[in-house]
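The values are calculated or read from the model by the stated rules, or taken from the named source; none is laboratory data. Predicted model, so just to flag it, every value in this text is computed and none were measured. A quick note on method: Cβ atoms are made from the backbone with ideal geometry, for glycine too, and the neighbour counts reach across all protein chains shown. Note: areas computed on protein heavy atoms with side chains; ligands, DNA, RNA excluded. Shrake-Rupley method; radii C 1.70, N 1.55, O 1.52, S 1.80 Å.
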Amino acid sequence: MDRLSPAKARSRSASVDSGATSLTLIEQVQARDGEAWKRLVDLYAPLLRHWCRRWGVRSEDVDDVLQEVFRAVVVGLRGFRRDRESASFRGWLHGVARHKVLSLIRRGGSQAPGGTSFYERTLLLPDPATDDSDDEEGTLVGDLYQNALRLVRLEFEDRTWQAFWRATVEGEPPAVIAADLGVTPAAVRQAKSRVLRRLKDVLGESPRS
């Protein structure tokens, strides 16, 4: 059996792997990457459809609203400031969608429940800062995170992913994970941090635990 050199042994114990170095999903979309754009649409279209339904948009108008929202995303994505810790792409997208639905109502393209006036209909759309999530949205956000997990899974070695999953999802102590994987507890914490950072890159926000 080959023996590890001291340098290789130190390297193995120091970290689980070098981590992913890909551009963020938002940066890829800004660079007009067609595959990245498809991933973004696949991730967020279900949530946009839910918001439209909750705001009373007619089913026949939903696709038009989504088209308008994603067109606005292409034009205005650089206005989304990821450098602020509180910045959330989902929150920014919510505001864009709300604006487009209000524009649709203003044009008379969609009737709100009860045939109310334009002013009354606009009051039916909560402000993004006060719009609480409902149970269905919670499920959709969970699906969003699961899809993001599947996207980033292939970017990491199996041992890195095991360290992240066991520490973050299963809540195991880093020392236990480290002993099983043959690395240091610091390497486990580093693996967790790398994957969470990559998920933030893909989602445009930090995933909730």
Flagged pairs (Cβ under 6 angstrom, 6 or more apart or on separate chains; first in the stretch 175-203, open to solvent by 60 Å² or more (accessible area, probe 1.4 Å); second in a helix (DSSP H, G or I)) are ALA175/PRO185; ARG189/PRO174; LYS192/PHE164; LYS192/ALA167; LYS192/THR168
Given the condition part of a loop (DSSP other than H, G, I, E, B), modelled with pLDDT of 85 or more and not hydrophobic (A, V, I, L, M, F, W, C), answer yes or no: does some residue in the stretch 145-159 qualify?
yes
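Only one residue in THR130, THR122 is in contact with a helix residue (DSSP H, G or I) (Cβ under 7 Å, 6 or more places away or on another chain), open to solvent by 20 Å² or more (accessible area, probe 1.4 Å) and modelled with pLDDT under 70. Which one? Step through it out loud before you land on a result.
Numbers: THR130 fails: in contact with a helix residue (DSSP H, G or I) (Cβ under 7 Å, 6 or more places away or on another chain).
Sole residue among the options that is in contact with a helix residue (DSSP H, G or I) (Cβ under 7 Å, 6 or more places away or on another chain), open to solvent by 20 Å² or more (accessible area, probe 1.4 Å) and modelled with pLDDT under 70: THR122.
May I ask you to list the residues in the stretch 43-62 that are part of a helix (DSSP H, G or I) and open to solvent by 70 Å² or more (accessible area, probe 1.4 Å)? First the steps, then the outcome.
Let us first name the residues in the stretch 43-62 that are part of a helix (DSSP H, G or I), namely 43-54, 59-62.
If the condition is that a residue be part of a helix (DSSP H, G or I) and open to solvent by 70 Å² or more (accessible area, probe 1.4 Å), then ARG49, ARG53, ARG54, SER59, GLU60 are the ones that fit.
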Complete set of residues in the stretch 63-81 that are touching a Lys or Arg at 6+ places or on another chain (Cβ under 7 Å) and open to solvent by 60 Å² or more (accessible area, probe 1.4 Å):
GLU68
